[in-house]
Amino acid sequence: MKKVISLFLSCILCINVLAGCSSTGTGNGSGIRIYLTVSQADTFRTSLIAAAEKEAADIGAEFVAEDAGGVLETQVAQIKKAVQEGYDVILCNPINTDTALELEEIAGGIPIVFYNSCPDDKRLKADKYVYVGSSEADAGRYQAEYILENSQGKEEVNIVIIQGELGHSATKGRTDSLLQALKESGKTVNVVFKDTANWDQVQAKDLFNIFLSTGQPYDFVASNNDSMALGVLDAYAENNINPSDAPVLGVDATADGCASIEDGKMVFTVYQSAKGQGEYAVKAAAELAKGGSISNIEGATKDNKYVYVPFERVDSSNVSQYK
């Protein structure tokens with residue numbers, strides 16, 4: 001799957017190069033050159049990049065995207081390339097958010113719009129180094145609310161947490177807010193297992209099979225994304241576990257995740273708009289490239305460091321809207 005996604009992204013890049021990175025748009029981005037680096041293409045990020053490319057075309061900006069393939073040295077080289085080739089603004093999905101300061105220094109005076117994985121607040125600077133994404137705390141809180149609403153008759157709840165890539169801001173934000181909301185409920189909440197499956201369905205299946213071998217009781221499984229939630233459900237199928245006995249929750253409302261909800265397997269997810277994040281990343285980039293401010297962009301915070309695209313709850317009652 002990763003090879004297919006990378007090939008798709010490569011095709012996008014080749015189209016851009018063959019077209020001379022030109023655009024027929026006539027919007028307020030005319031003459032602006034945008035360079036995007038993605039840590040490693042996956043389903044969500046590829047959709048985000050496609051939306052960013054469309055928005056750039058609509059406003060008349062030049063747009064090029066490249067995949068770092070999960071290699072930090074490659075991403076550093078890509079930032080250097082953007083500087084050398086005179087791009088006006090960089091869109092960056094950092095491989096490691098701890099490298100944000102290094103990437104900013106390499107970029108020199110070029111503004112950076114971070115996306116998908118958020119650096120520490122101290123690495124952001126108003127209208128210079130900003131972040132466009134969704135508030136990860138909301139995703140975890142929405143999962144907690146579902147768990148609490150569906151365990152009202154229980155004083156004690158046992159949960160399993162399947163985490164995404166360690167060091168990723170989404171992993172920390174979603175997990176921390178989930179645990180905080182559960183703690184504040186007053187219930188006795190036992191985290192009987194918590195480990196990382198790196199956003200991957202197969203890894204999640206194998207990880208959950210390890211957990212099952214311990215024989216510990218559990219009431220809910222909260223995954224940081226849909227792919228891992230589906231991996232847990234794969235383990236359910238292998239072990240003849242009824243999904244209704246211990247509901248599985250995800251995040252992202254991917255096509256496969258929504259199909260699983262329709263099939264009565266996964267019970268809950270949180271819609272994260274790849275389209276919205278791609279569009280707003282380019283809107284922010286266009287403002288910064290012109291020396292402007294993100295303050296007038298919908299979802300911008302008062303400190304002009306963030307643009308938030310809202311999460312939305314998804315379950316069987318409204319999943320048809322997200323297909």
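Residues of the range 45-74 with the amide nitrogen closer than 15 Å to a label point 7 Å from the Cα of GLU105, along Cα-to-Cβ, please. Backbone N within reach: none found.
For the chain, a Gaussian network of Cα nodes joined below 10 Å ranks PRO310, PRO217, PRO247 by mean-square fluctuation, and the top entry is PRO217. Subtracting the Cα-Cα distance of GLU156 and GLN321 from 0.36 nm times their residue separation leaves 56.0 nm of extension gain. Note on the chain: GNM, Cα springs under 10 Å; of VAL76, VAL309, VAL192, the largest mean-square fluctuation is that of VAL192. In a fully extended conformation the segment linking LYS290 and ASP98 would gain 66.4 nm over its present Cα-Cα distance, using 0.36 nm per residue. Here the range 198-235 and the range 258-323 have alpha carbon centers that stand 26 Å from each other.
Looking at this model, which pairs from LYS81/LYS125; LYS125/LYS172; LYS283/LYS305 are more than 18 angstrom apart at the alpha-carbon?
LYS81/LYS125; LYS125/LYS172
Show that you can apply the helix-only estimate: for the chain, add -39,500 (n - 2.57) for every DSSP H stretch of four or more residues, divide by all residues, and state [θ] at 222 nm to the nearest 500.
Helices in the chain give a 222 nm mean residue ellipticity of -13000 deg cm²/dmol.
Carbon-plus-sulfur fraction of the accessible area of the chain, 1.4 Å probe, in percent? Of all accessible area on the chain, carbon and sulfur atoms account for 49 percent. For the range 200-306, the normalised intensity computed at q = 0.10, 0.14 Å⁻¹ comes to -0.43, -0.63 (log10 of I(q)/I(0), Debye sum over alpha carbons, equal scatterers, no solvent). Once backbone amide H atoms are built at 1.01 Å from N, CYS118 has SER169, ALA170 as its partners under 5 Å, excluding neighbours fewer than 5 places away on the same chain. Relative intensity of the range 150-236 on a log10 scale, I(q)/I(0) at q = 0.21 Å⁻¹, equals -0.99, per a Debye sum over C-alpha point scatterers of equal strength in the absence of solvent. Taken over the alpha carbons of the range 49-115 as equal point scatterers, the Debye sum produces base-10 log I(q)/I(0) values at 0.14 Å⁻¹ of -0.40. Taken over the Cα atoms of the chain, the convex hull encloses 132 Å³ per residue. Distances between placed amide hydrogens fall under 5 Å for VAL191 paired with ILE159, all partners being 5 or more residues away or on another chain. Residue separation of ILE241 and THR301 scaled by 0.36 nm, minus their Cα-Cα distance, works out to 17.2 nm of gained length. Accessible surface area normalised per residue over the chain is 44 Å², counting heavy atoms of protein chains with a 1.4 Å rolling probe.
The values are calculated or read from the model by the stated rules, or taken from the named source; none is laboratory data. Remember, predicted model here, so these are calculated numbers, not experimental data. No Cβ is skipped: glycine too gets one built from the backbone with ideal geometry, and neighbour counts run over all protein chains shown. These accessible areas exclude ligands, DNA and RNA; they are computed on the full protein's heavy atoms, side chains included. Shrake-Rupley method; radii C 1.70, N 1.55, O 1.52, S 1.80 Å.
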